[in-house]
Structure formats: structure tokens, C-alpha cells
Amino acid sequence: MYDRSLEPGATPEAPILIAVMGATGSGKTSFINLASHSNLQVGASLRSCTDEVQLADEFTLDGRHVVLVDTPGFDDTTKSDTDVLRMIADFLATTYENIRKMAGSKLAGVIYVHRISDKRFNGIAGRNFKIFRELCGESNLKNVILATNMWDEVPHEVGKARERELASVFLKPALDKGAQMACHHNTEQSAHDIIRRIMNNHPVILQIQRELVDESKDIANTAAGEAINVELTEEKKRHEAALDQLLEETMRMIEEKNEETRRVLEEERRSLEEVMWIVMEESEEIASQYIQELEWTEMKMQHVEAQARLDREQAEMEHKVQMVLLNDRLQEAEVEAELERLNMEREIRQLEAQLNSSGGNDSSCVIM
């Protein structure tokens, strides 16, 4: 995350935020590094190196501060489309939350990178672009630049023909909604020219940002999430159809080679039953060990509780004994104090008696 733009004390002149999206290996990270002089890791093949949403170093273009956002592709080699969507959605939702708090950068638009070197816009590319459109929302496509790159890998005429096909067929729905096409020729000047076409746009709130934040939807219920679910459902159907076909072929083989196949299947069945028995025995053993461990733990807890109870009772008994001893000492002290008081009173009376006796003798002497 870009810490400065997400801090509560961010300045009003927060950087212009531009997201860069596209398939794995399409050249998103190279485009970002070239434009911003950053050093984000670039994959040497179609294996993804963008494991999470990354923010490039801030740079200045035409006196404006710009931050480019690198995102993983929906055909990521290490993550599912759902995981990729969750990462992108988390970043976009956090950004939108901070926009509402007047503390973050606003998203000026999105650059979608596509390889002109690809011979055709295949099913995977079409699926990725469909998810991308649902993520943005049709009304926000006017803030999208569809940037083709890797022009140096194809003859110019071939590249222009593919560009016309993209514009007239595959990308036409997005272009009709205001998206623009641009060519990136792997130069800093070319990258900056594409970024300039977004910089002055009115900031957008993407559809998935509104769905997650304003409408409090679960990510699976967003338009992009539902698009992924549709793809997963169709893929599941394809796998089920393939399994049904395999089953039919297996049954056909059984019919053609009934006896031989029966023996093979019987052996496999016995092997499977043996494995199942082993698993069951291990499960029962694990369950028994678990019960024994549970019982031992319960006994240990009971022992601890009993010991604690004995400790409390012993402490109470010691307390009572101390109280008795203290009371005895107090009574002894009181008796001693009483004896001392009586002795002092007796001495006082003796002194008074002596004084009176001595005083009477003196007066008789004076009269004589």
C-alpha cells in the first residue's frame, strides 16, 4: 500500500493514482518501471512475478505527482482468479474508504495492457477482459486506456491488422463506452504520453468499489465475482462432460473385453478395499488415541483442580491457625497489661500511704 496517501494526515495534493492491469506476462510491470523509474520485479517468462498489488515509486510528470499501481493478472500462475480479485478488490476498497475520509489519492483511471504479439484474442484473454470490465463498470470505461505493447515483436503491418481486429471486434464494446486505444512502443516517452491521457480525467469510483463499500456486498456477489463464478461453473461442466466421456469409453472397453477387464477391475476393487480397510483401521486408531488423549487430559485437569482445592483448604487451615495464635497472643498481652496495671496501682497506693504517714508526723512536731 502507498502509506503516505492512506495516512489520515495526508496533504490535499495527494498523488494521481493510476491502476495498470492486464494478463500475466503482458508487460504491465515493465511499463510501470519504465514510466516511474521503479524496480518492481519483472517476470522473465509468462510465470507471474506480481504476487500482490504493488505501488511503484512516486514520480513527477508535467508538475503532477503520479503513482502507478501494479496488479496480478487473472490468469496468474500461482493464484486463482478469486484470489487475484480479492487482492485487487481489497486495495480498491481501501483506497475508496480513504477517499471518503478525504485522506487518500483518487483513482484517475486504469491502463489495460494487451500484447499485440498475441496471434489471437483467445478465450483466456476474453475471460480476463470480461472480468476487468465488470470490475470497472460500464460507466467508468471512459477512464480506461487499452494499451497495446510489444510492437517490436511483430511486423508493423501485422500489428496494425491485429489492432484493427481488436478495435472492431473484441474491444469494440469497451470502445463504444468511451475507452481509448493507445500504442506503447517500449519507451519512457510513449509510456508518459499514455499516462497524460488519464492524468486530467475526473477521478472515478469503480463499480467494485461501490459494491464493496457503499452496498456492503460480499466479493462473490459483485459483478466481477459473479463473472468469475460463471467461468468456474462452465469449467466444471466441461470437466464433468470429459469425465462422462471417459466413463463411456471405459464401459465400452468393458463390453469389448469383458472377462479380461472384469479380472482387472476385480483386482483393483480388492486393492481398493484393502486400502479402505487400512484407512478405516488408521482412522479408528486415531480416534481411539484421540479419546485416550482426551480422557488423560480430563484426568489431568481433575487432578489439577483437586490439588488446587487441597491447596486452598490448606491455606484456609493455616489462616485459621494463625488467627487462633494471634488471638492467644492478644489475650496474653491483655492479661500482662492488666497485671502490670494492677501492680502500678498497688505501688501508687503504697506511695500515697507512705506520704500520708510521713506528713502526719511532721505536723505533730510543729505543735509541740
Which numbered condition residue 21 misses (of (1) farther than 18 Å from residue 92 by Cα; (2) surrounded by 20 or more Cβ atoms within 10 Å (Cβ to Cβ); (3) modelled with pLDDT of 90 or more): (1)
Residues being at pLDDT 95 or above and assigned to a loop (DSSP other than H, G, I, E, B) - total across region 27-36: 0
Set 109, 123, 73, 63: member being out of contact with any Asp or Glu (no Cβ under 7 Å at 6 or more places or on another chain) and more than 27 Å from residue 39 (Cα to Cα): 123
Residue match in region 39-47 (condition: surrounded by 18 or more Cβ atoms within 10 Å (Cβ to Cβ) and either touching a Leu at 6+ places or on another chain (Cβ under 7 Å) or at pLDDT 85 or above (or both)): yes
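Residue-by-condition table, conditions (1) loosely packed, with under 13 Cβ neighbours inside 10 Å; (2) modelled with pLDDT under 90; (3) more than 28 Å from residue 84 (Cα to Cα):
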site	(1), (2), (3)
119	yes, yes, no
126	yes, yes, no
130	no, yes, no
143	no, no, no
148	no, no, no
155	yes, no, yes
158	no, no, yes
169	yes, no, no
174	no, no, no
Breaking point among (1) under 20 Å from residue 27 (Cβ atoms); (2) touching a Lys or Arg at 6+ places or on another chain (Cβ under 7 Å); (3) surrounded by fewer than 22 Cβ atoms within 10 Å (Cβ to Cβ), for residue 72: (3)
Unique match (being touching a residue at least 24 places away in the same chain (Cβ under 8 Å) and acidic (Asp, Glu)) among 165, 157: 165
Qualifying position, being at pLDDT below 90 and buried (at least 19 other Cβ atoms within 10 Å of the Cβ), among 53, 67: 53
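The values are calculated or read from the model by the stated rules, or taken from the named source; none is laboratory data. This one's a predicted model, so the numbers in the text were calculated from it and none came from an experiment. Glycine also receives a Cβ, built like all others from the backbone with ideal geometry; neighbour counts cover every protein chain displayed.
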